[in-house]
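Reading through the structure tokens given below for one structure.
The values are calculated or read from the model by the stated rules, or taken from the named source; none is laboratory data. What you see is a predicted model; the values in this text were computed from it and never measured. Neighbour counts are summed over all protein chains in view; Cβ atoms, including those assigned to glycine, are modelled from backbone coordinates with ideal geometry.
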2 protein chains.
Amino acid sequence: MSIQQFSSSLLENAVNEFAKLPGIGRKTSLRLVLHLLKQTEHDVEVFGNAMIQLRKEILYCKVCHNISDTDVCRICSNHSRDHETVCVVENIKDVMSIENTQQFKGLYHVLGGIISPMDGIGPSNLEIESLVKRVTDENVKEVIMALSTTMEGDTTNFYIFRKLAPLNIKITTIARGIAIGDELEYADEVTLGRSILNRVEFTNSFK
Amino acid sequence: MSIQQFSSSLLENAVNEFAKLPGIGRKTSLRLVLHLLKQTEHDVEVFGNAMIQLRKEILYCKVCHNISDTDVCRICSNHSRDHETVCVVENIKDVMSIENTQQFKGLYHVLGGIISPMDGIGPSNLEIESLVKRVTDENVKEVIMALSTTMEGDTTNFYIFRKLAPLNIKITTIARGIAIGDELEYADEVTLGRSILNRVEFTNSFK
């Protein structure tokens, strides 16, 4: 069903706006808008203004380039975190994923993408210079590379590794291996191979 | 993944607001909010204000109770439409569905629901009195019942039929039968049975 006929241009407008969002078709859009119509005027104002305010007032942390309400984000300004360890990620979603594990207490560095010549993204488009400067100027002892295991991820890993190598710090990458709950039978060969090469002491595997 | 850790309360706010919408989980919500962040400030303002304005300024047509920008909706105030035929539907989505067929040129009457004792919805909660008044006062010659084929739909159909019967107008219901493109083999017995009872002249079936 295509939705061509609206009895109200206000409704049509709202549905068109929602349908611009990725993955929201016109039927879903209509459903969402009709839901909003059932809410109180106040609630809809809160909804609309949350988006407008976010876009207007959002800042990017000048240290790690993560999204932030202030010049320096909550994570970078938290003194109980380990400021000597920096985890390099592609985007802010990755920061959230890692934060949700509650296993990492260091800081982040958001590259804003990965090197991808096909998409015209080179090292100069990413926050790599600022990473090198940060590691040079501040007391960083370990950089953890946490990029995707794709060709582009590996290229970026290698590029950054070469830039940081002269600085004489520890550079690590997150472990690749069989996901917890996965069966060996269905794991791909490369992953299984790496998981054997990078095996850990039995007692460490429960840490 | 639950998203617990946000580096920005503005972002957290926006994600929470989006996640209140039906069928939008926290991951989808985050994806949509990050998409909005990439748009221009103007575009996000247009988006937010479309929702706020809709909720603030929306009216319901005083004739057919469809959603409208004005006291009387586009359809009811269109003089090229057939004002003698009124199609009774459950909600405004049904109006849109029928409008999209481009097969109906009459007016509508939106009940605002169907009789459903289980949900505490009785005839007095619906726009039934106003339908009876409309048919009594205006020059309506045919009322087409276009409700769902559920128990509640049938109850509502019957209730309205009894109310309208004394007014001496034509009362019809939309045809039930095998959907176009469906195979007989997979049709349910009740529908197939009705489609045989309510068969139409061969030449009419192409109209």
**Complete:** Taking region A:113-122 and keeping residues surrounded by fewer than 15 Cβ atoms within 10 Å (Cβ to Cβ) and either in a helix (DSSP H, G or I) or on the phi > 0 side of the Ramachandran plot (or both) leaves A:Pro117, A:Met118, A:Asp119, A:Gly120
**Asked** Given the conditions (1) touching a residue at least 40 places away in the same chain (Cβ under 8 Å); (2) under 17 Å from B:Val46 (Cα atoms); (3) hydroxyl-bearing (Ser, Thr, Tyr), and given that A:Ser9 satisfies all but one, which numbered condition is not satisfied?
**Response** (1)
**Request:** Determine if region B:129-137 includes at least one residue that is modelled with pLDDT of 90 or more, in a loop (DSSP other than H, G, I, E, B) and surrounded by 17 or more Cβ atoms within 10 Å (Cβ to Cβ).
**Result:** no
**Message:** Considering only residues that are more than 8 Å from every other protein chain (Cβ to nearest Cβ) and crowded, with 18+ Cβ neighbours inside 10 Å, which ones fall in region B:61-84?
**Reply:** B:Val63, B:Cys64, B:His65, B:Cys76
**Message:** Tell me whether region B:44-56 contains one or more residues that are closer than 24 Å to B:Val89 by Cβ and more than 7 Å from chain A (Cβ to nearest Cβ).
**Reply:** no
**Request:** For B:Ile24, state whether it is at the interface with chain A (Cβ under 7 Å from one of its Cβ atoms) and under 20 Å from A:Ala14 (Cβ atoms).
**Result:** no
**Message:** Six or more apart or on different chains, Cβ atoms under 8 Å: show the pairs whose first residue is in region B:135-161 and assigned by TED's automatic domain parsing to the domain that holds B:Phe104 and over 17 Å from B:Pro123 (Cβ atoms) and whose second is assigned to a loop (DSSP other than H, G, I, E, B) and among the basic types (Lys, Arg).
**Reply:** B:Thr149/B:Arg176
